[in-house]
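What follows is one structure encoded as structure tokens, with my remarks underneath.
Just so it is clear, none of the values below were taken in a lab; they were calculated from the coordinates. This one's a predicted model, so the numbers in the text were calculated from it and none came from an experiment. Quick reminder, even Gly has a Cβ in these numbers, built from the backbone with ideal geometry, and neighbours come from all protein chains shown.
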Amino acid sequence: MRTMDVNAIALIPAAPATVRSRDTEYPYRPDSNFWYLSGFEEPESLLVLIPGRKAGEYLIFCRDRDPEKETWHGRRLGVDGAPDALGADDAFPIEDVDEILPGLLEGRQHVYHTLGKNPGFDAQLLGWLKRSRMTRKSTDDPDAFISLDYHLHDMRVYKSRAEQKQLKAAAKLSAKGHVAAMQACQPGLWEYELEAALVHTYKKAGGDHAFMPIVGGGENGCILHYTENNAKLRDGDLVLIDSGAEVGGYAGDISRTFPINGRFSDAQRDLYEIVLEANQAGIDACQPGNHWNDPHEAAVAVLTRGLKSVGILKGNIKTLIKKAAYRPYYMHKTGHWLGLDVHDVGDYKIDGEWRLLESGMCLTIEPGLYIGEGRSVPKAYRNTGIRIEDDVLITAKGHEVITGDVPKLANDIEALMSGG
Ligand code: GLY
Ligand code: MN
Ligand code: MN
């Protein structure tokens, strides 16, 4: 509320539940901004912030208790329990929102609300404004809608101590899932069986998957967001897994690539070592005061040198980097913010310049190489996708890798897979 002007009001609706098929719904996931501010996990709710009124008010509209509905659909916090449970100043039944909201909007010059994210709520809000316009002087109407995202997303970039704890828990559980998948892996299994090992690990610990796991054997590892996970795992291929657990709303995001039969071939190891060195170079560049793109630039330099060393690229290294010659084999950036959303919110540039890394920020480092069918590529390297992804917290003096519980050195992976 301190970042808003006193004559404003902020409206943050809960995410609507989404139908999966006829009368069954997808598992409910709160809107991250709503969750960040309230910790409340029920749909059909609205969070209202009114700075300047008393000490600034935090109101919540939610479903009231209803024994019959709760028998069918599950427990509700209810209006009476909400203020204490959520730290709100007051709570009202969501059924009364049409009666109460126009009054709260009265005299408020600025409405902080992100239009376009929740069309049902946007329509409701326009209805309230229309109604209040019919009953009052138009000078009372708000004269601007302001996106709350600018302020809220910047707050979310700096993780509090409590958030860092959740991120570490998510990273730890993600690592445990990857270890389980490595241990379960053998030729002849299907990609979805490794997905099951990951999700089993997450759910068994009370977590969930933060996004659909990617389990790509052989050439499927070259499809960046492959989620079919329905192919057989072949002896002699690598498998690329990109998966993370969600704990307390916060996401882990790890990629590991390993040999399905437990032993890297020489050609696989050549490429693997390049990506591993790029991963380490990216992590080393995660220092407070460095800018957002430093880890990417460090990773690209290593990948380019490596592609040249195995004969896939030819020419002067500086020129190859300048011309982005690595692009056909490395077409994404080296990381993203990590938080309540796996690709978390927050600007990467400020006034056109890369943002500086600061203590409390959390990001991924995930270089890869995706070598397709290209004729210029030596045969032994074709159809190989490798990504190695870790989650990194920026600290006051450097950084902390929070995904260290799953091996990434080739020898350590082989030892784990052989039961060592
Ligand atoms: N799975 C998407 C990512 O790693 O960013
Ligand atoms: Mn990932
Ligand atoms: Mn990622």
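The length gained by stretching the chain between SER147 and ARG327 to full extension, at 0.36 nm per residue less their Cα-Cα distance, is 61.3 nm.
Annotation: amide H of TYR112 within the under-5 Å range of ILE9, ALA10, LEU11, ILE146, sequence separation 5 or more or interchain, hydrogens built in the peptide plane.
Scanning residues 5 or more positions from ALA245 or on other chains, those with amide H under 5 Å from its amide H are SER174, ALA210, GLY252, with H placed 1.01 Å from N in the peptide plane.
Each Lys and Arg contributes +1 and each Asp and Glu -1, all at the Cβ; summed about the Cα centre of region 67-186, the dipole is approximately 820 debye. Entry note, the chain: the mean residue ellipticity at 222 nm calculated from DSSP H runs of n ≥ 4, each adding -39500 (n - 2.57), is -10500 deg cm²/dmol after division by the residues and rounding to the nearest 500. Maximal additional length on extending the SER21-ASP98 stretch stands at 24.7 nm, based on 0.36 nm per residue less the C-alpha distance.
Here r is the Cβ-Cβ distance between GLU228 and GLU68 and R0 is 41 Å; the resulting FRET efficiency, rounded to 0.05, is 0.45.
An oblate overall shape is assigned to region 346-420, the ratio a/c of its alpha-carbon gyration tensor axes (a ≥ b ≥ c) being 1.5 or greater and a/b not exceeding b/c. Charge dipole of the chain (Cα centre as origin; +1 on each Lys and Arg Cβ, -1 on each Asp and Glu Cβ, all else neutral): 1380 debye, rounded to the nearest 20. Set the Förster distance to 30 Å, then compute FRET efficiency between ALA162 and LEU126 from the Cβ-Cβ distance, nearest 0.05. Once the sixth-power term is evaluated, E becomes 0.25.
For region 244-320, a crude dipole built from +1 on the beta carbon of Lys and Arg and -1 on the beta carbon of Asp and Glu, taken about the Cα centre, is about 360 debye to the nearest 20.
Would you mind classifying the chain by shape? Square roots of the alpha carbon gyration tensor eigenvalues, ordered a ≥ b ≥ c; an a/c under 1.5 is rounded, otherwise it is prolate if a/b is larger than b/c and oblate if not. Prolate shape, in that a/c is at least 1.5 and a/b is the bigger ratio.
Computed from backbone phi, the HN-Hα couplings of region 89-97 come to 6, 7, 9, 9, x, 4, 4, 8, 4 Hz, rounded to whole numbers (Karplus: 6.51 cos²θ - 1.76 cosθ + 1.60, θ = phi - 60°; Gly and Pro given as x). Between region 53-109 and region 199-218, the alpha-carbon centres lie 35 Å apart. Note on the chain: with a GNM built from Cα contacts shorter than 10 Å, the maximum mean-square fluctuation among ARG22, ARG327, ARG53 falls on ARG22.
Have a look at ALA410, TYR226, ALA180 and report the one farthest towards the positive end of the charge dipole of the chain, computed about the Cα centre with Cβ charges (Lys/Arg +1, Asp/Glu -1). Of the options given, the answer is ALA410. Taking every C-alpha pair closer than 8 Å and separated by at least 6 residues, the mean separation divided by the residue count of region 351-416 gives a relative contact order of 30 percent.
Amide H contacts of PHE92: ILE60, PHE61, CYS62, each under 5 Å away and 5 or more positions distant or on a separate chain (H built 1.01 Å from N in the peptide plane; Pro and chain starts excluded). Here the Karplus relation 6.51 cos²θ - 1.76 cosθ + 1.60, evaluated at θ = phi - 60°, turns the backbone of region 216-226 into coupling constants of x, x, x, 5, 5, x, 8, 9, 4, 10, 5 Hz, with x for every Gly and Pro. Note: relative contact order over the chain, using C-alpha pairs below 8 Å and six or more positions apart, is 14 percent.
Considering only alpha-carbon pairs that sit under 8 angstrom and 6 or more positions apart, the relative contact order computed for region 52-169 is 22 percent.
May I ask which residue of GLY87, HIS343, SER132 lies farthest towards the positive end of the charge dipole of the chain, with charges of +1 (Lys, Arg) and -1 (Asp, Glu) on Cβ and the Cα centre as origin? After comparing all options, I get HIS343. Evaluating 6.51 cos²θ - 1.76 cosθ + 1.60 at θ = phi - 60° for every residue in region 257-271, the Karplus couplings come out as 10, 8, x, 4, 8, x, 10, 5, 6, 4, 5, 4, 5, 3, 5 Hz, glycine and proline recorded as x.
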